[in-house]
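Asker: Once you've had a glance at the structure underneath, I'll fire off some questions.
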Amino acid sequence: MTNVDGDVGLPCRNHVATYRVYHLDAAGRVTRPAWVIEAPDDITAITRARTLMSDGDQLEIWEGSRQVSPPLAPDHP
């Protein structure tokens, strides 16, 4: 087996997933088109999504049909 790095028999180590980040209003409705981010794992995706937040924002993160976390709210009131 050859992976994208050209190594034979070794699993590919450069996998990144595509995540969609949705901005939600106070009622939990999507308010704008999704941002698309790539990350190697859920934790990194959540960290990157938090950089998109402003005061009062709520975000949902999806990877394919899987919701990665419950809606993220700001860390401060």
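Asker: Please work out if Q67 is polar (S, T, N, Q), open to solvent by less than 100 Å² (accessible area, probe 1.4 Å) and touching a residue at least 24 places away in the same chain (Cβ under 8 Å).
Answerer: Taking the combined requirement at face value, the residue does not satisfy it.
Asker: Checking the structure you have, find out if any residue of region 26-35 is modelled with pLDDT under 85 and outside any helix (DSSP H, G or I).
Answerer: There is at least one residue in region 26-35 that is modelled with pLDDT under 85 and outside any helix (DSSP H, G or I).
Asker: Then there is this: Could you look through region 6-25, keep only residues that are charged (D, E, K, R) and either at pLDDT 90 or above or under 21 Å from I43 (Cβ atoms) (or both), and pick out the one that is least open to solvent (accessible area, probe 1.4 Å)?
Answerer: The extreme case among them is R20.
Asker: Which of the residues that make up region 31-57 are over 13 Å from A17 (Cβ atoms) and of a type in the set (S, T, Y)?
Answerer: T31, T47, T51, S54
The values are calculated or read from the model by the stated rules, or taken from the named source; none is laboratory data. Owing to the predicted nature of the structure, the values given are computational and were not obtained by experimental measurement. In this analysis, Cβ positions are derived from the backbone assuming ideal geometry, glycine residues included, and neighbour counts consider all displayed protein chains. For accessibility, only protein heavy atoms count, side chains too; no ligands or nucleic acids. Shrake-Rupley method; radii C 1.70, N 1.55, O 1.52, S 1.80 Å.
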